[in-house]
Each structure stands twice: as structure tokens, then as C-alpha cells.
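Derivation of every value follows stated rules applied to the coordinates shown; laboratory data play no part. Note that this is a predicted model, so its numbers are computed, not measured. As a convention, Cβ positions derive from the backbone with ideal geometry for all residues, glycine included, and neighbour counts pool all protein chains shown.
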Amino acid sequence: MRNHFLRAATDTGPPSSNAWDIGFAEFTATPQNFVSVQEQEISPQGVFFKSDGTVMYVVGVDNDRVYQYDLSTAWEVSTATYSTKSFSVVSQDQLTQDLFFKSDGTKMYAVGYLNDNVYEYDLSTAWDVSTASYSQSFSVATEDGVSLGLFFKPDGTKMYVSGSTNDSIYEYTLSTAWDISTASYSQSYNVSTQESTPNGVFFKSDGTVMYVVGSSNDQVYQYSLSTAWDVSTATYVQSFSVSFVGLYGPAGLSFKSDGTKMYVIGNSSDGVFEFSLSTAWDISTASFTYPSTDYFSVAAQEILPTGIFFKPDGTKMYVLGYSGDNVNEYSLSTAWQISTASYVQNFSVAAEEGTSQGLFFKPDGTKMYVIGSQGDDVNEYSLSTAWDISTASYVQRKWVAPEDNSPSAVFFKDDGTKMYITGTTGRNVYEYSLSTAWDISTASYDQNFSTGSTQPTGLFFKDDGSKMYVCNFSSDRVTSYSLSSAWDISTASSVNEFSLVLYEAAPRNIFFKPDGTKMFIAGSNSDAVWAFDIS
């Protein structure tokens, strides 16, 4: 599965030989705030930065190695490249969760919950992990049986470990700075009110603010310490969710030295996300910016977009949602380039459907269809002026509850003689035949196709009926199927999958450019439309 980031691609020239193959789908601009470490570690847990932001270190539980990356621009993770330097910690612990370095880079520390120890390593060359050698360990098992996060006070006289057995942050005092053999347990602070799996812990440089990242709620939590570095004086302040970028199970975190950037690592995305803080150290001001060329927010019109459709020439985009139960129309000044979209008008379908899920237009723009889970039906509208939704008028409905009482998407064969819907109750694709083309009152149920253990919310077919694509809400994926008999879903077999986890946590619907070189996803977590090149 290819899920890399590439520079923007143009729309000119003949269709790629890989058109319609989602295995070649790419987000078409380079984000300045994410780096994948998948080639080195598929279960990254901890992240640490050299004090000047030019080097990043990652540790994970798949290989139990510390990997070193060079950043050509300090603190910008998109400029990180693997240095080919790494160090194995598997001899000490096979479930290594976090790491930390002495301020001069001559010592490295790791924590793991197989043995619940903190491990100390000496580096003969500062900041070069390939020169590390194991020194000693210190057990934290008495305090917690699942040790997950690690942090040291800048002078090396305090050590902090997070653990999920008691959902606490544990504080230790070191009588000799940076020598863990001199550590002794002092006290702890329980975070269970906010988080049951505190994976990572980080402190502001003066010790007055503590941050905890956890995977039970996919949040970063901020605490204020009335006495610096004394966790017993901590009080909860606020939280920041990272799930909106598709980051589930966040495992570790770090901050830029001045508090204007926050970094979160997670094994759901196999990478490091960079968030900007407009107010230093205040996570409520954190933001993650998507590339404008491939991402278009519809939040001003609809905060729960569920359906998407384009005019065949790419100059019009229509977005449906169940917050407003409207069809929203946009004009694109450059065909198929969603960054050029501008809002035109909307058409309410609330009288017919209060939970609008899917949208489809007849190829000539004179008919529109909306499916929804409140009425469990497909609603048909006529447009007196093609593609102008202000001229739409309701015609009739087709009740589909006998097949699925939670329908989520609708699609028609290009001649209007077949209709297909998805439903999240049966988790199937359903096929109907229309004795009169485009007249849903003549639809009769034929058969269904199981999508397995997914929650299908989007549906699209290649124009010759040889390929079917299903957008899966629960697994954040698009699955492609080949049909050995065109338009006959009983002949479908799974071919490929494309993960949306880095982009959209709640994908709702899918659309393709007619030549198969672009894929569009509407998502209700980001309230946006995403564009992917298939190149």
C-alpha cells in the first residue's frame, strides 16, 4: 500500500496507466508538519529532539531500536531524513516505550514495560546513537507495572515516569545528577480523571507546566504546577484532541524549546505530527495546517459533510451533510482543483430527509438523488435548469429499509437502469434494477454484497462497471473491488486498500474524476473535501 506524500501534480496529459488503482493514490502536496518513520519503525512510541532541533530520535516496539533523523531545517519534521544511525535496545527491553537524552547528548535513557526499568546508556560521541553502550538500569516496577513515558529535569536531578497500572506520573529524585542508580521514589500524581493510559509525559523548561499524552481518549492534557517540578502540586488545566488528524493511540510527545511547537507520535500513523502553538506552551492554541491545494474546508456551510459529487467537467462540486440537511453548490475556477472552489448556494432537503447521507446526480444534471437514514429512503429531485440546485423540486422516494435501515450512500449505473446503495446496518452494498431508467419508483431489489466487518458510508463505480470502491467509516479506508461481470456486485472481489488515517478520521463518501486520476474524499471529522492523485 502506497501512502506517501508527493508534490503537487498537474491535470494535463493523458491518464496515468495506474488510473483507478488506489494503490497509487497520493496526497498531492507535501505537508510541512508530518514525517513518516514507517520505513524504520511501524510501531513508534517515543520521540525526542536535540536541544537545537536539528536531530530527532524515535523508538518503537516493533524493532526496539532508537533511530536518528537529521532535520535540514531545525524543528520542521517534514525536513527529517533518516541518518542510517540506530541503536538496538532489545537486549534490555523488548517493549521500549520512550527515550530521553542528557542535555549534552552524552547519555541516553529508555523506559520499557516488559521489565519496567529505566535504562541508561553512554554515548562516546554526543548525540550519535550509533556510539551508545549500555550502562545500568533502575527498576520502577514497585510504583507501576506498565511503564510508558520518561522525562528528566534539565539538571538531571529529577526523573519522571508515566504508568498505566495506576494511571499516574511518578517523580524520582537523583542524588547524583543523571545517575539513575541514585534515584529514589518521591511521590506521584494521578491522572485517571482525564486519562487511563498516560503514554508520554513532558514538562515546560521551568517545571511549572506538565503535559501528558494518552491513548484512551487520543488527547494531550495540560497541568499547572504551583511548585515547579513537584508533581503533587499539579492541577488539570485543559486538553487538546489529536484525533482530528487521524492520530489514534498517540504514544509520545515533545515540544520545541520555546513552546511554540508540539510534536506527537503515534503507531496508528507511523509518524510524527507537528502542531503550531500561537501562544507558547498553551495547547488550546495548537493547530495543524493542511496543504491548501488538496484540502478544502466546507465547515462554513456544513460541519458534518456526508456526500460529495462533481459535475462531469469538474467545474462544479456539490456537498451534502446532515448538520444542515442541505446540498451545497460550489464553483471551481480551475476544473477539479478543489482549492479554487467558491460557495454558490444551497438547497434544503430537510423536508424529505433529516439525516442526509449520500448524493448523486444524473449525468446531464437534470436529476438529483439524496439518500438518508432518517427516512431510510432515496429521494429523487428534478432540476429545471441542469446543475442549478436552486431549480430542484422533489419528485418521489424509494423506501430501502427492507434491505437496510441505515442507508449511507447511493450510486447509479450511467444509463440509469441500475441503482446501488450501501448500508451500515447490514454492512452491505445493495443492487437494484430500474425498469424505467432514472425513475426510482420502478426500482426492484436484486442482490447484495457483503463488505465484511467494515462500516460502508461511501460508494463509487468506474464508468464501465468493472471496478467498485467502498469508503469505510470505521476503518478509515477505501477498498477497491474488481467485478468480473460489469455492474454485477455478486462478482466483486477485493483488490486493494488505501488508508485515510493520516488525513480523515471520519471518511463519509468518495468520488473519482472521470479518467480515474483523482480521488476525492468527504470527511465529517475535518469538515472538508480531500483530493488525492492517482499517478
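Report the per residue volume, in Å³, of the convex hull enclosing the C-alpha atoms of segment 293-534. Please report the intermediate quantities before stating the final value.
Numbers: hull volume 25.4 nm³, N = 242.
In segment 293-534, the Cα convex hull volume per residue is 105 Å³.
How big is the shadow of the Cα convex hull of the chain, averaged over all directions, in nm²? Please list the in-between numbers first.
On the way: hull surface 101.0 nm².
In nm², the orientation-averaged hull projection of the chain is 25.3.
Cut-off under 21 Å on the C-alpha distance; same-chain residues fewer than 8 positions from LYS462 excluded. Which lysines are left, in chain and number order?
Cα-Cα hits under 21 Å: LYS311, LYS316, LYS362, LYS367, LYS413, LYS418, LYS513, LYS518.
At a Förster radius of 60 Å, what calculated FRET efficiency corresponds to the Cβ-Cβ distance of THR391 and SER91, to the nearest 0.05? Mind showing how you got there, number by number?
Details: r = 72 Å, r/R0 = 1.20.
Result of the calculation: an efficiency of 0.25.
In terms of modelled amide H atoms, which long-range or inter-chain residues lie less than 5 Å from the amide H of SER535?
GLU26
Ordered by residue, what ³J(HN,Hα) values in Hz, to whole numbers, does segment 202-211 give under the Karplus form 6.51 cos²θ - 1.76 cosθ + 1.60, where θ = phi - 60° and Gly and Pro are x?
8, 10, 4, 4, 9, x, 8, 9, 10, 10
May I ask you to order 100-110, 74-84, 355-365 by the average number of other C-beta atoms within 10 Å around their residues, highest value first?
Output ranking for 100-110, 74-84, 355-365: 355-365, 100-110, 74-84.
Ranking request for peptides 412-419, 445-452: highest mean number of other beta-carbon atoms within 10 Å first, then the rest in descending order.
Working: 412-419: 18.2, 445-452: 16.2.
Order by mean packing, descending: 412-419, 445-452.
For LYS467, give me every one of the aspartates and glutamates with a C-alpha distance below 14 angstrom, ignoring sequence neighbours fewer than eight places off in its own chain.
ASP21, ASP414, ASP488, GLU497, ASP515
Sort ARG65, ARG427 so that the residue with the fewest other Cβ atoms within 10 Å of its own Cβ comes first and the one with the most comes last. Please report the intermediate quantities before stating the final value.
Numbers: ARG65 17, ARG427 21.
Going from sparsest to densest Cβ surroundings: ARG65, ARG427.
Can you tell me, using C-alpha contacts under 8 Å and at least 6 residues apart, the relative contact order of the chain as a whole percent?
Numbers: 1603 pairs, mean separation 58.9, N = 535.
In percent, rounded to a whole number, it is 11.
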